[in-house]
Amino acid sequence: MTDDTHDDVARSRAKVQQRFPQFVEFLEAQNELVRSGTCLLTGDSYENDYRQYLRLVGHVEQIWDASVLLLAAGLPAQAMFLAITCIEETGKVGVARFQLALREVARHNGHHLPSSFNVGRRGSPFYSHPQKHLLAAGAGAIVNSRLDRIVGLQRVVGFLDCIKAGSLEALRQSCLYADIGSEGPRVPGERIDRSETIFYTVIAGELMAEVLGLEAAEWERLVAKVQAFERAEGQSWE
């Protein structure tokens, strides 16, 4: 293990210890989604489940790619909307990552795999509470020491606090919809800062790689893509 890897592990452990109550809350949100009975995977084997999982990862990646394209096109408000959506979908698909293994254990033990089509949508945390998906993704920010070096520990902590407070959904809505202010109309494109959009796009990309990169090669591919964006936008990596 290299010195940099040792340092990263040490930083991650220190941050988990510092944010332990929040980390537990994020993990509990993830566990609640797992227990909800809803699963995006429907394969009849691990191999088929894994192919479906990769399709879901591709869906999240497309959302992130679209955020990057909109930012490059000079549309930071719309880009931030998709970046926050990417974080939410990362939490949702991250649940499928755990279910991928749980379904294989159930098969190995001869247990019946219930169909998610039989699970009611009304009242289900999987369908009714996007906040749960954000919380599930938030755990990835606590254990991702790269984020601390790229955007700074205090900004990561601030992002985690936003998730805890439930304010990200309001921010996302403000990126698309006009509103009325004390001095007249409030238009998203006039009040969303490009640098703030870059921050959320970096967060979204890093969480996508951290949470969804199941195999080493897939993790490396996603990280390389996110790194290219970070460097193009002047975000420090080393």
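The values are calculated or read from the model by the stated rules, or taken from the named source; none is laboratory data. Just so you know, these numbers come straight off a predicted model, no measurement behind them. FYI the Cβ positions are ideal-geometry reconstructions off the backbone, even for glycines, and counts take in every protein chain you see. Heads up: the accessible areas ignore ligands, DNA and RNA and are worked out on the full protein's heavy atoms, side chains in. Shrake-Rupley method; radii C 1.70, N 1.55, O 1.52, S 1.80 Å.
Residues in the range 155-162 include at least one that is at pLDDT below 85, among the aromatic types (Phe, Trp, Tyr) and crowded, with 16+ Cβ neighbours inside 10 Å. Counting the residues of the range 60-74 that are closer than 21 Å to VAL187 by Cβ and buried (at least 20 other Cβ atoms within 10 Å of the Cβ) gives 3. Taking the criterion of being touching a residue at least 24 places away in the same chain (Cβ under 8 Å) and of a type in the set (Phe, Trp, Tyr), the only residue of the range 202-230 that qualifies is PHE229. Is it the case, given these coordinates, that ARG149 is part of a helix (DSSP H, G or I) and either modelled with pLDDT under 85 or touching a Lys or Arg at 6+ places or on another chain (Cβ under 6 Å) (or both)? For ARG149, the condition - part of a helix (DSSP H, G or I) and either modelled with pLDDT under 85 or touching a Lys or Arg at 6+ places or on another chain (Cβ under 6 Å) (or both) - is met.
Could you please let me know if LEU40 is part of a helix (DSSP H, G or I) and either open to solvent by 50 Å² or more (accessible area, probe 1.4 Å) or modelled with pLDDT under 65 (or both)? So LEU40 fails the test.
Within the option set GLY234, GLY123, being modelled with pLDDT of 85 or more and outside any helix (DSSP H, G or I) holds for one residue only, GLY234.
The residues listed here are ALA83, ALA106, ALA10, ALA79; of these, the one that is more than 30 Å from ILE192 (Cα to Cα), at pLDDT 85 or above and not aromatic (Phe, Trp, Tyr) is ALA106. Only residues that are among the acidic types (Asp, Glu) and farther than 22 Å from ASP65 by Cβ were counted across the range 168-212, and they come to 4.
The set of residues from the range 165-198 being surrounded by 17 or more Cβ atoms within 10 Å (Cβ to Cβ) and assigned to a helix (DSSP H, G or I) comprises LEU168, ARG172, SER174, PRO188, THR197, ILE198.
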